[in-house]
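First up is the structure itself, then whatever we jot down about it.
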Amino acid sequence: MKSIFVGLFVLVFASISHGQLVNGSLENTEGSFVPNGYNFMELAVGSTSLPGWTVVSDSVSWLPNGNPWNLATPYGGMFLDLTGNHDNGSFGGISQTITTVPSQTYQFSLALGSEQSQSIFNGPMSVLAQAGASSQSFTFSPSGSGNQWGTFSFNFIATSSSTLLIITGTGSAGGSYLGLDNIQVVAVPEPMPVPILACGAMLLLACRSRAAARAA
């Protein structure tokens, strides 16, 4: 009885436990960050220096906290600026292909940042997030002063064993900054079937009854 209960517990736990599928913290995990004299690294289209990601659309800036402009992220120590160093109204982005399970639902989330104390760095900020054939536009309209971040997400259903993720900038009120960080893709747990839940409850009651009988 005990082994059956343990096996059921493992099955239930496995059905609700899903890990992060992407390197979403944008940290310098492979030592590929090579700062210039202003303590950031400009990544050209096609660059794979950012671990796990490929730069698309236009160049982006990879920055650490402690840069000369006081731009900062609360999600680790590094982040992206999708306006790049060109600041000309053209926005860059990043892409990555991840392994997925067909028909499985996933949640795709990201954080957008602004620096509201400087007009050239303030929001609203907008991006387009794509996961296979699914896409969603997000706009962050921050309030307050200083570095501000907002988190956005949408669900998609995988249609194959791999899914292409793309995040590209589409708007920045200040024109010189569009922060991106804390990208996550996690599987959404499916509701546990009632028969399995009922079976688990019955096994738990049986174990408790057996333990009570032994105690008596």
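Quick notes on this one:
- The distance from the alpha carbon centre of the stretch 51-99 to that of the stretch 119-167 is 13 Å, rounded to a whole number.
- The stretch 21-188: relative contact order as a whole-number percent, Cα under 8 Å and 6+ apart: 28 percent
- Charge context of SER49, other residues only, Cβ under 11 angstrom, K/R +1, D/E -1: -2
- Here the simple spin-label model places points 7 Å from the Cα toward Cβ, and for ILE157 and SER103 these points are separated by 1.0 nm.
- Remark on THR100: its backbone amide H falls under 5 Å from those of SER162, THR163, a criterion applied only to residues 5 or more positions apart or on other chains, H modelled at 1.01 Å from N.
- Around PHE140: net Lys/Arg minus Asp/Glu count, Cβ-Cβ under 15 Å: -3
- Whole-percent pair-distance distribution, where bins are 5 Å wide, for the alpha carbons of the stretch 21-188: 2, 10, 19, 23, 21, 14, 7, 3, 1, 0
- GLY89 sits among other residues whose Cβ lies under 15 Å from its own Cβ, and their net charge, with Lys and Arg +1 and Asp and Glu -1, is -3.
No lab work stands behind these numbers, since they all come straight from the coordinates. In this text the structure is predicted, and so the values were computed from the model without any measurement. Note: ideal-geometry Cβ built from the backbone for every residue, glycine included; neighbour counts use all protein chains shown.
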